[in-house]
Amino acid sequence: MASDWQHGLFGCFDNLGLCIISYFIPCYQFGKNAEAVGESCFGCGLAYICPIANIIAAIKIRGKIREQKGIAGSTIGDLVLFCFCPLCTLVQEAQEVQGMPGGVSMARE
């Protein structure tokens, strides 16, 4: 049975710290999300600032997050979300990987 994302696509302000980091340093946040699913933090962070490579990397990482968490979705859906709201998808992914081993740890205290 497929589950759903812990936070909605527009739940950016559920964690203000992640929202701010993702807005000002998206390549860093993307690298940390990639690291949480077993990919290279530096390599993916660098790919995020390169046209075309960023799309490929974003689809790959979002797909891995969905796969590891059992979240329903598709590659085409991931592409559409990344193209139309990249920062929202970045924050949503960061919120999802927070609970994973090696995930982002910017929880509010």
Give, rounded to the nearest 20 debye, the magnitude of the charge dipole that the chain has about its Cα centre when Lys and Arg contribute +1 at Cβ and Asp and Glu contribute -1 at Cβ. 120 debye
The chain - accessible surface per residue (Å², probe 1.4 Å): 55 Å²
Measure off, as a whole percent, the carbon and sulfur share of the 1.4 Å-probe accessible area of the chain, all protein chains present. 67 percent
Heavy atoms only, probe 1.4 angstrom, no DNA, RNA or ligands counted: give me 23, 28 ranked by accessible area, highest first. 23, 28
The answer for the per residue Cα convex hull volume of the range 26-81, in Å³, is 66 Å³
How much length is gained if the chain between residue 10 and residue 83 is pulled fully straight, taking 0.36 nm per residue apart and subtracting their Cα-Cα distance, in nm to one decimal? 24.8 nm
Over 25 Å [Cα-Cα, the chain], rounded percent: 9 percent
Per-residue counts of other Cβ atoms within 10 Å, averaged by peptide: what ranking do you get for 85-91, 11-17, 71-77, highest first? 85-91, 11-17, 71-77
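The values are calculated or read from the model by the stated rules, or taken from the named source; none is laboratory data. Computed from a predicted structure; not experimentally measured. Every residue, glycine among them, receives a Cβ derived from its backbone with ideal geometry; neighbour counts consider all protein chains shown. Just the protein is used for accessible areas: all its heavy atoms, side chains included, with ligands, DNA and RNA removed. Shrake-Rupley method; radii C 1.70, N 1.55, O 1.52, S 1.80 Å.
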